[in-house]
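Asks: A single structure is presented below for examination.
We did not get these values from a lab; they are worked out from the coordinates using the rules stated. Source: prediction; values computed, not measured. Neighbour counts are summed over all protein chains in view; Cβ atoms, including those assigned to glycine, are modelled from backbone coordinates with ideal geometry.
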Amino acid sequence: MNASGNSTILDREPKYDDISCSLAAVPRLPRNHLRETEEVVATARRFNERVVKPYALDLDRLKHEDPDYLASLLIRRLMAGLAHNGLC
């Protein structure tokens, strides 16, 4: 994803700048640490939108009907999404 795509997703609430201000105050962090942190947050937010959100309402309904429900299909899709994004 390019920098402009990341900046769009990082401007959503909670804004990345608001949640990461303490990182900028640490004097001994490697230079690329903040950039890499931005990329991780952007990746997690995109994953949430593409993989998790489409199933959230159904999952909520199923868990309400059966508190012991285990969303194995969702878990498989989550793991496939993680693997596709190189996160596992």
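Asks: Report the label-to-label distance for residue 39 and residue 75 in nanometres (one decimal), using points 7 Å from each Cα along the Cα→Cβ vector.
Replies: If labels sit at residue 39 and residue 75, their model points lie 3.1 nm apart.
Asks: Right, something else. Specify the inter-centroid distance of the stretch 13-36 and the stretch 46-71, based on alpha-carbon positions, in whole Å.
Replies: Taking the Cα centre of the stretch 46-71 as reference, the centre of the stretch 13-36 is 31 Å away.
Asks: When the helix-only estimate is applied to the chain (DSSP H runs of n ≥ 4, each -39,500 (n - 2.57), divided by the residue count), what is the mean residue ellipticity at 222 nm, nearest 500 deg cm²/dmol?
Replies: So the calculated ellipticity at 222 nm is -18500 deg cm²/dmol.
Asks: Turning to a different aspect of this structure: Report the label-to-label distance for residue 29 and residue 60 in nanometres (one decimal), using points 7 Å from each Cα along the Cα→Cβ vector.
Replies: 3.3 nm
Asks: Here's something else I'd like to know. Taking 0.36 nm per residue of separation and subtracting the Cα-Cα distance, what length does fully extending residue 17 through residue 48 add?
Replies: Values: separation 31, 0.36 × 31 = 11.16 nm, distance 1.92 nm.
Difference between extended and current length: 9.2 nm.
Asks: Then there's this: Compute the semi-axes of the equivalent ellipsoid of the chain, taking the square root of 5 times each eigenvalue of the Cα gyration tensor, and list them largest first in whole Å.
Replies: Equivalent-ellipsoid dimensions as semi-axes: 31, 15, 13 Å.
Asks: What's the longest uninterrupted piece of the chain once you rule out the trypsin sites (Lys or Arg not before Pro) that are loop residues per DSSP with at most 11 other Cβ within 10 Å? Write down the numbers at each step before the final one.
Replies: Details: sites that count: 12, 15, 28, 31.
That would be 32-88.
Asks: Filter the DSSP H helices in the chain by two things, a Kyte-Doolittle mean of at least -1.0 and an axial alpha-carbon span of 15 angstrom or more, and list the hits by number.
Replies: Helix filter hits for the chain: 33-47, 72-84.
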